[in-house]
Each structure stands twice: as C-alpha cells, then as structure tokens.
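Single-structure report; data block below.
The values are calculated or read from the model by the stated rules, or taken from the named source; none is laboratory data. If you're wondering where the values come from, they're calculated on a predicted model, not measured in any experiment. For neighbour counting, all protein chains shown are included, and Cβ atoms are generated from backbone atoms with ideal geometry for every residue, glycine included. Accessible surface areas use protein heavy atoms only, side chains included; no ligands, DNA or RNA. Shrake-Rupley method; radii C 1.70, N 1.55, O 1.52, S 1.80 Å.
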Amino acid sequence: MSRIGKLPVNLPAGVTVEVAADNTVSVKGPLGTLSQKVDSDIKVEVGTHKDIHTGNEVPAVLVSRPTNQPRHRSLHGLYRALINNMVVGVTEGYQKVLEVNGVGYRASKSGNKLTLNLGYSHPVEMIDPEGVETVLEGQNKITVKGIDKEKVGQYAAEIRDKRRPEPYKGKGIKYADEVIRRKVGKTGKK
C-alpha cells in the first residue's frame, strides 16, 4: 500500500469536494475553487474517517487503487498529494518569497506588471498570470501568492530565472530560504 496514498485527506470546515462522473475532482473553499482531472483507474470518494487525535468522525477524501501494478501504485500517491495540495490551497493559499540582491537591482510594480531592473540594458517586465499575485515589500523582496501550488512555484521560478544568483558576490534573484554556495574569487600575484 502506498504510504501517502492510503492517508485520508481531512476536509476543514468550509471546504467542499465534488467528484464528477468523468473523475474530475473539484475543491471549493474560502479562497476559491480548484479542479483536477484524475486518472480513470484511481477511485476518489468523499466520506468520513476516524480522526486519530480526537476519535471523532471527520469528513475526508479517500483515494484507492484497483491493483498493485507499478503504474497504479505511483498514481495512487500522486493524486492523493494533488488533492491535498488543492485543499491546502483553497484554505490557506501558497506563497514563495524571493529576494533581489545586488547594487542597483530592484523591483517595482504597477497594476499586474512586475518590472525588474537587474543590470541589463533594459528593464525586464513580467505580467502576473491568472490566479497568481505578486506583492512587493520595499524594492528587493517579492512575494508570489496564489491558491494553486504549481502556478505559484512555476511563476516564482520564472522570476528567479531572469537573473539567477551568482556564486561570487551572491548578486541576482534568490528564494528567501535558499543558501547560495559561495566561491572564492581570484587572488592577486605576490
């Protein structure tokens, strides 16, 4: 049995899950609605399960697979994780924090357009995708927020790719929790 796949996804108050006939799972919560098409072999059902902490019956999403074939085993854990990410997204949301480091490097925002000055001859302009929002704190801290974990991570990675941090001075755009492996620069002759 998949260790992740067999775990039930507990539903907090205010979250509803619907499974359509074509095996599309829709999760609706206080922050919005997300949906995901699930493979036809994987069975998704909304029911209740006994909570290990309180002993009470709580609403949950249960994911099961028909056989122990390697394909079914891998899909079992995958779709359980995706459904869990949707539930967390519509209740709490996701965010990634980026830092812009370097002399003259800064970010600015107007409407849904993010403008980055990164030492190039021109400013780099990026438009926020649908469902994702960027918030600036000062000129060098960018917070990417949204309810879809994949979109938030993808957009944060695209922003970081505009100028990755270099190992000598650490200039560039990095994640707030990222540690840059530094290198020693050239030394003069003696």
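Taking the stretch 84-124 only, how many residues are part of a strand (DSSP E or B) and not β-branched (Val, Ile, Thr)? Can you show your working first?
Step one: filter the stretch 84-124 for residues part of a strand (DSSP E or B), giving 94-101, 106-110, 113-117, 124.
Retained after the next criterion (residues that are not β-branched (Val, Ile, Thr)): 94-96, 98-99, 101, 106-110, 113-114, 116-117.
Counting residues in the stretch 84-124 that are part of a strand (DSSP E or B) and not β-branched (Val, Ile, Thr) gives 15.
In the stretch 23-37, is there at least one residue being open to solvent by 40 Å² or more (accessible area, probe 1.4 Å), farther than 20 Å from ASP148 by Cα and touching a residue at least 12 places away in the same chain (Cβ under 8 Å)?
no
Any idea how many residues of the stretch 38-63 are open to solvent by less than 40 Å² (accessible area, probe 1.4 Å) and either in contact with a helix residue (DSSP H, G or I) (Cβ under 6 Å, 6 or more places away or on another chain) or of a type in the set (S, T, N, Q) (or both)?
Step one: of the stretch 38-63, the residues open to solvent by less than 40 Å² (accessible area, probe 1.4 Å) are 38-39, 42, 44, 47, 51, 55, 58, 60-61, 63.
With the extra rule that they be either in contact with a helix residue (DSSP H, G or I) (Cβ under 6 Å, 6 or more places away or on another chain) or of a type in the set (S, T, N, Q) (or both), the set shrinks to 38-39, 42, 61, 63.
Residues in the stretch 38-63 being open to solvent by less than 40 Å² (accessible area, probe 1.4 Å) and either in contact with a helix residue (DSSP H, G or I) (Cβ under 6 Å, 6 or more places away or on another chain) or of a type in the set (S, T, N, Q) (or both): 5 in total.
Here are some conditions: (1) in a loop (DSSP other than H, G, I, E, B); (2) at pLDDT 90 or above. GLY5 meets all but one. Which one does it not meet?
(2)
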